[in-house]
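K.L.:
Below are the structure tokens for one structure; questions will follow.
The values are calculated or read from the model by the stated rules, or taken from the named source; none is laboratory data. These numbers were taken from a predicted model, which means no experiment stands behind them. In this analysis, Cβ positions are derived from the backbone assuming ideal geometry, glycine residues included, and neighbour counts consider all displayed protein chains. Each accessible area value is taken on the protein alone, full model and side chains, heavy atoms only, with ligands, DNA and RNA left out. Shrake-Rupley method; radii C 1.70, N 1.55, O 1.52, S 1.80 Å.
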Amino acid sequence: MQRPASPRRIALLGAESTGKTHLATALAERLRAQGLVAVVVPEVLRGWCEREGRTPRAHEQAGIALEQARQVLTQGAAEVVIADTTPLMTAVYSHLLFADESLYDFALHHQRAYDAILLTGLDLPWVADEGIRDGPQVREPVDRLLRDALIRAGLGWQVVYGQGERRVESALDAIVSVAVRGHSALGVDRKEHQKAPETGFCAACGDPDCERRLFTALLDQPRSRPPKRISGLAD
């Protein structure tokens, strides 16, 4: 199968301590196991804090956002790029911590470069991280600001819940539901299956197992034919 001209990009967004980094690594491993060239772009903020020994000030936020975008957009050799956060997270924290909303325009413009947007749910317990994290009290405000920004921009997303492996499976289901919608081999009609702007999930059939069946159908393709990619991202 011919590699796409540009990578498919998956954005992981979410409040602190909601498992984005672990999920990014686990997703990449699962996609690589299906033959995809998948890379993870790490969170620039974390590396910045470790290098500087502190959290950034208001005037330093824009540089972090720009570097996060640059690292994602320069991964041209990959088939799938998984971003362990995007500039939208920087914009949200700038808004929350410094009352600075100036980064939203850039961040939301960049967010349109992604084929799937996954929002990690707040069902995981908050865990301290050597002074980098602000505390459990900011998780709900961050989650709300993220959703508000995505709604304003008309961008769909899917929420990922679950513990351990179930969280990875939930993320894979979400990716597949985006990638294979309209895939004639699976009998999915674009006119019948559409993402609701509030959640990104199928808004037509009302079946909570819809994405699971699509995922299973991909994996059950006969082995005598060229194997389908796990997410349809390289088709």
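K.L.:
When both residues are 6+ apart or on different chains and their Cβ atoms are under 8 Å apart, which pairs have a first residue that lies in region 106-129 and is of a type in the set (Ser, Thr, Tyr), and a second that is assigned to a loop (DSSP other than H, G, I, E, B)?
P.N.:
Tyr114/Thr86; Thr120/Gly14; Thr120/Ala15; Thr120/Thr18; Thr120/Gly19
K.L.:
Taking region 73-88, which residues are open to solvent by 10 Å² or more (accessible area, probe 1.4 Å) and assigned to a helix (DSSP H, G or I)?
P.N.:
Leu73
K.L.:
Still on this structure, please answer the following. For residues that are over 19 Å from Ala24 (Cβ atoms), open to solvent by 10 Å² or more (accessible area, probe 1.4 Å) and either β-branched (Val, Ile, Thr) or touching an Asp or Glu at 6+ places or on another chain (Cβ under 8 Å) (or both), tally how many sit in region 89-121. Quick ask: steps written out before the conclusion?
P.N.:
The first filter runs over region 89-121 and keeps only residues over 19 Å from Ala24 (Cβ atoms), leaving 91, 94-106, 108-109, 112.
With the extra rule that they be open to solvent by 10 Å² or more (accessible area, probe 1.4 Å), the set shrinks to 95-106, 108-109, 112.
Right, trim to either β-branched (Val, Ile, Thr) or touching an Asp or Glu at 6+ places or on another chain (Cβ under 8 Å) (or both) and you get 95, 97.
Number of matching residues: 2.
K.L.:
Is it the case, given these coordinates, that Leu155 is modelled with pLDDT of 90 or more and under 22 Å from Val81 (Cα atoms)? It would help to see each step written out before you state the result.
P.N.:
Details: modelled with pLDDT of 90 or more: yes; under 22 Å from Val81 (Cα atoms): yes.
So Leu155 passes the test.
K.L.:
For the subset of region 28-72 comprising residues that are in contact with an Asp or Glu (Cβ under 8 Å, 6 or more places away or on another chain) and of a type in the set (S, T, N, Q), which member is surrounded by the fewest Cβ atoms within 10 Å (Cβ to Cβ)?
P.N.:
Per the criteria, the residue is Gln61.
K.L.:
Quick one: how many residues across region 140-173 are out of contact with any helix residue (DSSP H, G or I) (no Cβ under 7 Å at 6 or more places or on another chain) and part of a helix (DSSP H, G or I)?
P.N.:
Looking only at that region, the number is 12.
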